[in-house]
Amino acid sequence: MWIEGGFILIKNPLKSNCTFYIKRYRNNVVSGVSLHPNGNYLAVCVTAGLSSDEIPYDLLHIWDLKRKRVIAVFETHINNKIDHFLWSSDGKHLIYNEDNYIVVVNFEKFEKDYLSGKFNHFFELNKKRYFQGIPGDNYIAGVIDIRPLDIIEKFEEEIIKIKSIASSPDGKYVAVICSDNRLELINLNDLKITNSFDLSWKYYYNDSDDAPSQVEWCPSDSKKLILSWLSDITIIYFYFNKDFTT
């Protein structure tokens, strides 16, 4: 799967000649795609409004790859920009961010309603029949502000950038790297920050003043995280106890 010339292309690795495009986004820019763990859905981040006088804004389109159609659209509400998005490892949630907010979508409920035919509505345009996409906002389970509590309580407008997000292998947690050198763990069951870790100690191991550029979970262990920096190859492992304390 790749993006080329405004097209999103899907290739079946078992059939060398089986390539098709699902969409050409005219006058828009596709900034990224993420395939659902079951392979049936594709999240596409699209920057729209580039050909008009309005401020460009990002949208998340959810594609049904079997039927080759957009089934839901998630709009931005804070600053029109989505920096990161991914599916939880178990496929039950879609997670993305706007500024310092993490948005969690209950995709398990969405898929159940979609497959049941609850939103099986169509409209006609130029004698063609199109599926009426589902309003994505109806399935937002929660929005989490990752700024420190003292900043939130003071109603300060300080924005802390989110540099990287990752889903645990069991799909229960999301790790978030913040630009102020914090690692946040979000529990997707109750949508609360389970733990917050200060990463300032890492200066002993790394010459960069920047927060880690990437966070990854060990695929075989939900209690092991890997942090990395662009400036060098430093990798630090977090080993968590049962209650996710280091």
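Nothing in this text is a laboratory measurement; each read-out follows from the coordinates by a stated rule. Since this is a predicted model, take the numbers as computed values, not measurements. Cβ atoms come from the backbone with ideal geometry, glycine included; neighbour counts cover every protein chain shown.
Using all alpha carbons of the range 67-112, what is the percent of pairwise distances in each 5 Å bin, ordered from the shortest bin to the longest?
In whole percents, the pair-distance histogram is 5, 18, 28, 23, 18, 7, 1.
At residue 195 and residue 66, where each label point lies 7 Å from the Cα along Cα→Cβ, what is the point-to-point distance in nanometres?
Reported label-point gap for residue 195 and residue 66 is 3.9 nm.
Take residue 31 and residue 113, extend 7 Å from each Cα along the Cα→Cβ direction, and tell me the distance between the two endpoints in nm.
About 2.6 nm separates the two model spin labels.
If you add up the charges near residue 83, with Lys and Arg at +1 and Asp and Glu at -1, over every other residue whose beta carbon is less than 11 angstrom from its beta carbon, what do you get?
0
In nm, give the distance between the simple-model label positions of residue 54 and residue 221, each being 7 Å from the Cα along the Cα-to-Cβ direction.
Roughly 4.9 nm, to one decimal.
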